[in-house]
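The values are calculated or read from the model by the stated rules, or taken from the named source; none is laboratory data. Small disclaimer: the values here were computed from a predicted structure and weren't measured. Glycine gets a Cβ as well: all are built from the backbone with ideal geometry, and neighbour counts include every protein chain shown. In case anyone asks, the SASA skips ligands and DNA or RNA and just uses the protein heavy atoms, side chains included. Shrake-Rupley method; radii C 1.70, N 1.55, O 1.52, S 1.80 Å.
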Amino acid sequence: MKTISYIDYCALPRIQQIGYSIYSGFFKIIFGIGHFFKGLGLGIYHFILKIINGLADTGRCFKAGDVFTKLSFLFLGLGHFKRKQYAKGVIIFALEVLFIVFMVGFGGQALYNFITLGESRPAWFCKSDPNTFYLTQQEAINAGCLFPTQAAGRLDNSANMMLYGVVTIIVLVAFFIFYFKTVKGTYKLECDSYEGKHIKTFKEDIGDFLNSKFHITLLFLPVVGIIIFTIFPLIDTFLMAFTSYDYAHNFPLDVFEWVGFKNFSSLFNFGGTFGYTFISLFKWTIVWAILATFLNFILGILVATIINRKGIKFKKLWRTCLVLSVAIPQFVSLLAMSQFLNEYGPLTYYIEKWTGTKILFLSNYHIARVMIVTINIWIGIPYTVLSTTGILMNIPADLYESARIDGASPITMYFKITLRYIIFVMGPSLITTFIGNFNNFGVIYLLTGGGPKTGSYYNSQAGYTDLLVTWLYTLCTGNQPRYNLASVIGIAIFVVSATLSLIVYRNSSSFKNEEDFA
Amino acid sequence: MARIKSMKKKQKIENTIIYILLVLLSIIWIIPIIAILYVSLNPDSSQAAVSIRMFYPISKMTFSHYVELFTYKLSPKTDVMPSYVRWYLNTLGLALCVMLINTFFILSLAYTMSRLKFKGRKTLMSINLVLGMFPGFMSMIAIYNILKLFNTLLGLGDTLGLVHLGLCYSMASGSGFYIAKGFFDTVPKSLDEAARIDGANNAAVFFKIVLPLSKPIIVYTLVTAFMGPWMDYIFCSYVIRNNTDNFTVALGLYQWLNTQELKNTRYTDFFAGSVLVSIPIMAVFLATQKYYVEGVTGGAVKG
């Protein structure tokens, strides 16, 4: 890409400046994505290198170590025992035994089940004929059995098998890390004792957790929480995107299986209803996110500037009036609004009574979209006022002074000084807001529930005001949940948010400063 | 002289316009709140009646729906206390527990990431950043399956309740440590060093030096964590489902509006219930507003 200096840029005519901005912005995005993949590739390369180096290191330890260290490769903790770290040795050995018991008694089978995801075995039978099994309840009913009974334990629960499989994989990875760390530690211990260094007692080891290893103490519980309640479910959900897990393929009705990239191909098949719904909702989500973010931002700053104007009294009163709406829970204010505005609500009724025309605020799709954006402005402006007031007060007054002397109008000053200054300070958080709006579940779900629904969307489950997230929610909880497709949508949302964040990160000052140093 | 006078006059006109604008804005922002209050005192109790008689005369205002909140039982035979009271207490208890655990988790993660230098710190931060880009409730199904599995393994049956909901709210809360980290970054490091020279270990520095200096961020974290369960609807509805004894206020009120049968009898109760929920939350928010703004802008400016 050809870059031009700032002076050349200023000398260009206005049209060409815009053109250049678009052109360079486009390249920035391309470079951003390119850089991301380069970084990803490098990261993977370094990771593999690290593992190989670690293995080689361990090999060297094995070669150089004495009998006890060598035996420790089989019986973990033996080395520690030999160097009189009895308690530590016993704990480490117990962990190894636990791991082996876990793998033999549970893990092996779990891994096998993870690959097959269970078999669809006959699971329903008639009390009158307990030897004939049917795959599904419906089949049994069709075969003339009015009240089929489920055979206990005959049908596999694929969802649980997947969970067990993921748990086993996490345990395996954790144990391998633990194994190599311990083995290396054993060798280091041998070296230390050979050199006559002080070997820590168990008490000192424990004491370390309040000092040099204090980070482990503090991190332990929160990180375990994140692993169990974020990482583990995310891996599981991610895997669901590659299966046929939906309302029909769910325990106790049926098992589900791996289907590869089938769900993703139906996402990108824009001719099919699923792909069509995705692309339509995606467009609306983008439009919504842009409108919601920038309208709130610009109007919010405008209101904040007005309140903070010199010579205006009762500043606190005005601000409190706005902030009150932030203080009430959203589900109260939004649900109430949806009640006031909906088809049967008072507003429609009175307008019809007085003017004779019936306005459907939330059931006509054009009006509904406008209403949603408007109500979001009502919600959003107070937030912007709250967070920008401090920044506004920090704008140097002489900037306005000199602008006024130069004859700038208030509107020019607002755009050229106020807005620019705030964007300079709040730029990065603006993108967070954008992503937040992209995933703004509350406003849409509580106001319209995604409606008005339309038959042209997938399963008639989505509507004109649905965002991708609210659709994801409907896919999980609606009449006929399709967990696999919901997971695909989740991944798509992730890709969009990640790409956006990446572009911003590349353009943010911290990243540029790094480049300046290079 | 004349010019100054005309400028003053111009300013006066401008200010008048701005005052009118501000009054208008305030009315726009206050009206829905007043409307909620006004409807909650409406003598009617079904949606249709309230819509037709929205502007009822002030003399007919009644507190009967507030009284009803404290008497109405969803299933009169089995319920020990009125449904609304029960949901309220559920949410209060949940919010208090979640508040304590979340604050502990968030502060310890934030402090570690801000002050303690150790191997893998940056990796952990970037992993957390990536995790944050998945939509929050994408893994809801998996979490539900996991909780159910726990329950069956422990022999506790099939229904999930408030304890599970509390786990959902609190266990992974550590990942929202950024704002608190931004705060800890601004506490002068020389204080730690001085304490360390005096022989304090890392734990003592955290508990005795940094925490006492971090009142704003502690208050901010406590308040946001406390408000979470009052506001959340998504996880709550998915985890609790039809287990009405374990409803939170948000879920219960939502149900009053979205079941056809209850819409005809509990419509005004919804507004009365909403007012009673909003009052304490508003009070907490307005009392701690200063800290809230500090927390938000502190995080925003840092980016």
Label zone at A:Ala64, where the point sits 7 Å out along the Cα-to-Cβ direction: segment A:190-222 residues whose backbone N lies under 19 Å: A:190-199
Determine how large the accessible area of A:Thr465 is when every protein chain is in place; take a 1.4 Å probe and give Å² rounded to the nearest 10. 0 Å²
Determine, from the Cβ-Cβ distance of B:Phe118 and A:Val287 and an R0 of 30 Å, the FRET efficiency 1/(1 + (r/R0)^6), rounded to the nearest 0.05. 0.10
A/B buried area, accessible surface, summed, 1.4 Å probe, Å²: 8000 Å²
With all protein chains present, calculate the accessible area of A:Val370 using a 1.4 Å probe and round the result to the nearest 10 Å². 90 Å²
What residues from segment A:27-55 fall in the zone where the backbone N is under 19 Å from a label point 7 Å along the Cα-to-C-beta line of A:Cys191? A:50-55
List the residues of segment B:80-114 that lose 30 Å² or more of accessible area once all protein chains are present, compared with their chain alone (1.4 Å probe, heavy atoms only, no ligands or nucleic acids). B:Phe105, B:Ser108, B:Leu109, B:Thr112
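Ignoring ligands, DNA and RNA, what accessible area per residue does the protein assembly as shown give at 1.4 Å, in Å²? Kindly include the intermediate steps, with their values, before the conclusion.
Numbers: 42170 Å² over 821 residues.
Here the residues of the protein assembly as shown average 51 Å² of exposed surface.
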Over chain A, what is the relative contact order in percent, taking alpha-carbon pairs closer than 8 angstrom and at least six residues apart? 14 percent
Burial ranking of peptide ranges B:208-220, A:397-409, B:95-107, A:316-328 (average Cβ count within 10 Å, highest at the top): B:95-107, A:316-328, B:208-220, A:397-409
Suppose every K and R has +1 on its Cβ and every D and E has -1 on its Cβ; what is the size of the dipole of the protein assembly as shown about the Cα centre, in Debye to the nearest 20? 2500 debye
Using the basic label-point model (7 angstrom from Cα toward the beta carbon), what is the A:Val370 to A:Leu172 distance in nanometres? 5.9 nm
Cα Rg over Rh - segment B:1-129, Kirkwood: 1.27
Given springs between every Cα pair under 10 Å in a Gaussian network model of chain B, which of B:Ala48, B:Ala180, B:Ala110 has the largest fluctuation? B:Ala48
Segment A:176-203 scanned against label point 7 Å out from A:Ser212 along Cα→C-beta; backbone N under 19 Å for A:181-203
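From largest accessible area down, sort B:Glu261, B:Glu14; use a 1.4 Å probe on the protein chains. Each step should come with its number before you reach the end.
Working: B:Glu261 140, B:Glu14 65 Å².
Listed by decreasing accessible area, they come as B:Glu261, B:Glu14.
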For chain B, just say rounded, prolate or oblate: build the C-alpha gyration tensor, square-root its eigenvalues into a ≥ b ≥ c, call rounded for a/c under 1.5, and beyond that prolate if a/b exceeds b/c, oblate if not. oblate
From the Cα centre of segment A:1-78 to that of segment A:353-424, the distance in Å is 41 Å
Given a 1.4 Å probe, show me the residues in segment A:326-375 buried by at least 40 Å² of accessible surface when comparing the whole protein assembly to the chain alone. A:Ala327, A:Ile328, A:Pro329, A:Phe331, A:Val332, A:Leu335, A:Gln339, A:Phe340, A:Tyr344, A:Pro346, A:Tyr349, A:Tyr350
Working with all protein chains in place, sort B:Arg241, B:Arg115, B:Arg53 by solvent-accessible area computed with a 1.4 Å probe, largest first. B:Arg53, B:Arg241, B:Arg115
Each label sits 7 Å from Cα toward the beta-carbon; between A:Phe314 and A:Tyr86 the label points are separated, in nm, by 8.0 nm
Would you work out if the protein assembly as shown is rounded, prolate or oblate? Take a ≥ b ≥ c from the square roots of the eigenvalues of the alpha-carbon gyration tensor; rounded if a/c is under 1.5, else prolate when a/b is larger than b/c, oblate otherwise. oblate
Distance (nanometres) between label positions extended 7 Å along Cα→Cβ at A:Ile279 and A:Phe261: 1.8 nm
Whole angstrom only: what separates the Cα centroid of segment B:58-80 from the Cα centroid of segment B:120-176? 37 Å
Would you rank A:Glu195, A:Glu96 by solvent-accessible area, highest first, keeping every protein chain in place and using a 1.4 Å probe? A:Glu195, A:Glu96
Expressed as a percent, the accessible surface of segment A:340-470 that is carbon or sulfur, using a 1.4 Å probe and the full set of protein chains, is 63 percent
Suppose every Lys and Arg Cβ carries +1 and every Asp and Glu Cβ carries -1, with no other charges. What dipole size does segment A:42-187 come out with about its Cα centre, to the nearest 20 debye? 1000 debye
Accessible area of segment A:1-111 belonging to carbon and sulfur atoms, whole % at 1.4 Å probe: 76 percent
